[in-house]
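Inspection log for the structure reproduced underneath, given as structure tokens.
The values are calculated or read from the model by the stated rules, or taken from the named source; none is laboratory data. Keep in mind that this is a model prediction, so the values were computed, not measured. Heads up, the Cβs are rebuilt from the backbone with ideal geometry, glycines too, and the neighbour counts pull from every protein chain shown.
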């Protein structure tokens, strides 16, 4: 494992030799990504494909920014994962605690974070917000709030989350919620008895040798991380090597909804464990097959919801494209990141970009993601 503050070089030579010398197999996928660069959907991208217990593709295209002199993106380039944090850190931590009998999905959030109920005008309704509803995005909490504009410290922001009014009765509506995952992350910290980043690093990232994955990347990494935005309204600087999400920034860079940085190989290492019934390469079990099946199952607060526990599943217009099996799970990140795992086909695909550079304006990645995944599946003859 690399020293804590050194730049990780976690791409083994054998992986490089076996994956970067056969780009012709994925020529169509490369073409999709190059088209995205040409139309300024993102300045660069890193991607990886894992199939049948092997990394079969791992590469980078484009550059850190649209400046032709900026560094080229490679397979080891580290990106701000944004909301992919919700599965690689928070949901995984919940799964570990659940498998160990330390997390009860039916436990009310107010039992763990009493401030969520105490002082509320509707305490009885708020008592129905459970860890299950937070994971399933059916808590009734709003999707998002610009709490960083009214909060100056982590304590202030958490207090504002705890006071956030419900927009629907718990369990009746699926509404993807950053607010819910901020609170879920805090609840997991209470159950684990330590900060979320400490728990995840020891219990998830270290056993999986995810040496390029962490909250708070050290300053020695910053130059190797593409910038996400030229922030002209809040921090008034280029955001590079620090979390893009403003609420997470005020929380100190560690949260249940955002804050994690990683590269494509580490994301595939993480995904591969879902295809190995939760076992680490050394045989340690992070969580069992029943836990994976439970968290991968749709919760259906509404018939049209595609949400499982923490994870999303393919829907009619999914970013995963047309060919991932129904028993697939995935997640997107606002900065232009994604991970999809097909549990039936022993397959995982990750795509990492900084589509928010320089000003978050482009939404072109929405059209590119499904076409990219379809191109990968076509190359693998899985259509």
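Here are a few things to note about the model shown:
- Yes/no for residue 316 being at pLDDT below 95 and either over 24 Å from residue 199 (Cβ atoms) or touching a strand residue (DSSP E or B) at 6+ places or on another chain (Cβ under 8 Å) (or both): yes
- Test: residue 195 is more than 17 Å from residue 116 (Cβ to Cβ) and at pLDDT 95 or above: yes
- Restricted to region 173-267, the set of strands (runs of 3 or more DSSP E) holding at least 2 residues that are surrounded by fewer than 24 Cβ atoms within 10 Å (Cβ to Cβ) and in contact (Cβ under 8 Å) with a residue 24 or more places away in the chain comprises 229-231.
- Scanning region 305-313 for residues that are farther than 18 Å from residue 378 by Cα and surrounded by fewer than 16 Cβ atoms within 10 Å (Cβ to Cβ) turns up nothing.
- Here region 124-149 is the region considered, the condition is being surrounded by fewer than 16 Cβ atoms within 10 Å (Cβ to Cβ) and either free of Cβ contacts under 8 Å to residues at least 24 places away in the same chain or outside any loop (DSSP other than H, G, I, E, B) (or both), and the residue that is farthest from the chain's Cα centre (by Cα) is 124.
- The set of residues in region 119-130 being modelled with pLDDT of 95 or more and within 17 Å of residue 158 (Cβ to Cβ) consists of 126, 129.
- Residue check for residue 152: assigned to a loop (DSSP other than H, G, I, E, B) and modelled with pLDDT of 95 or more: yes
- Residue in region 201-209 that is touching a strand residue (DSSP E or B) at 6+ places or on another chain (Cβ under 9 Å) and modelled with pLDDT of 95 or more present: yes
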